[in-house]
1. Sorted by average packing, counted as other Cβ atoms within 10 angstrom per residue and highest first, what order do 225-236, 133-144 take?
2. State the number of lysine pairs found in the stretch 192-272 whose Cα atoms come within less than 25 Å, restricting to pairs 8 or more positions apart or on distinct chains.
3. For the stretch 141-158, take each phi angle, set θ = phi - 60°, evaluate the Karplus expression 6.51 cos²θ - 1.76 cosθ + 1.60, and give the result in whole Hz per residue in order, putting x for glycine and proline.
4. Once you wrap a convex hull around the alpha carbon atoms of the stretch 194-299, what is its projected area averaged over all directions, in nm²?
5. What would the Debye formula give as log10 I(q)/I(0) at q = 0.12, 0.17, 0.19 Å⁻¹ for the alpha-carbon point model of the stretch 93-305, no solvent?
6. Ranked highest first by average number of other Cβ atoms within 10 Å, how do 110-122, 256-268 line up?
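The numbers here are math on the coordinates, done by the rules we state, and not lab data. The model shown is predicted, which means the values in this text are computed figures rather than measured ones. Using ideal geometry, Cβ is built from the backbone for each residue, glycine included, and neighbour counts are taken over all protein chains shown.
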Amino acid sequence: MLVDINCWQLIGMKLPAGTFLNVTAVVPPQGITATSPDTPTNNAVGCVNFVTSEGVAALYSLACSTIGIISNFVPYYLIELFIFAKIQNKMKVLTVITSYNRKKSLLNLLQKLEKQPTDVVIYDDNSDFKLNIPQFKQFKHNYGKEYLWLKFKKIFNELPKSYDYYIILPDDIDIGNNFVKSAVNSWENLTDKEKICLSLLTDGRINKPNWTAFKPLIKSNYVQTQWQDFCFICEKEFFTVDIQQISLQRWQVIGKSLNIELGSGLGGQISRYWNDKGRTMYHTKKSLVKHLKGVSKMNPHERLINPLND
């Protein structure tokens with residue numbers, strides 16, 4: 001749960017474990033003398049984020065026990081300093097972007113994420129360009145859709161497992177300035193103990209079963225769909241999925257004999273895996289991202305017939 005609040009409102013507040021606070025530091029209320037040189041002297045001078053690690057506990061009591069003074073006489077500025085001292089405990093989010101030959105949209109996405117509370121890593125499928133940043137990891141060859149299963153197997157194994165939340169995004173979507181916060185909020189507010197992922201790109205596909213026999217079920221601001229398509233938020237457990245090799249016969253034999261364009265098959269494989277495990281997969285009722293118009297690198301003919309965002 002994300003909460004916007006200024007630091008003086010925290011006095012005496014009871015906060016459940018895991019509350020993610022966006023704390024704005026402001027000058028003390030009228031009549032309070034701030035003697036610390038580190039106390040802000042201007043309104044809204046900046047924001048800090050941290051997660052309460054205690055159970056249901058009053059933050060001011062936690063501050064008191066830390067700085068060793070009586071709770072009824074805790075100066076406001078000392079609590080403010082305590083908040084700043086807890087910065088290292090902030091909620092950690094990693095946004096994972098998969099990219100291929102869409103430099104303009106990738107740069108736009110990185111620019112939007114730059115000022116949001118998330119680390120970023122890009123896994124590039126051997127595009128004809130490179131970005132000179134440490135977050136850009138380029139594969140030595142192009143996996144395409146025929147070996148997408150192998151690419152994501154490598155990515156899921158390689159990802160650091162030290163983050164609280166992971167957001168998986170393709171490079172051809174656009175996001176808002178508060179996207180990460182909205183995604184985390186949506187995930188936290190989804191009170192289903194069996195949830196394994198929450199898709200953030202919502203389009204017409206949510207209106208019927210896709211890859212599993214599950215009939216979509218609307219639940220407040222969510223739609224339980226039991227499938228995902230690599231644009232979602234999750235926790236590290238998701239990456240324990242057992243990805244299996246997808247035979248080339250899918251395209252060389254089945255696709256050709258039916259004269260149809262088949263996708264990678266990986267979205268369906270992963271969706272069925274978690275569905276069979278009894279885990280739940282949702283979409284936000286309202287899409288949190290916008291799919292950019294353009295020729296699909298994976299399924300160009302299918303996207304002309306069934307464009308996303310519809």
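1. Top to bottom by mean Cβ count within 10 Å: 225-236, 133-144.
2. Close lysine pairs found across the stretch 192-272: 10.
3. So the J values, rounded to whole Hz, are 9, 8, 7, x, 7, 5, 10, 4, 4, 6, 4, 6, 4, 5, 4, 4, 6, 7.
4. Average of the hull's projected areas for the stretch 194-299 equals 7.7 nm².
5. For the stretch 93-305 at q = 0.12, 0.17, 0.19 Å⁻¹, log10 I(q)/I(0) is -0.63, -1.36, -1.73.
6. So the peptides 110-122, 256-268, ranked by packing, come out 110-122, 256-268.
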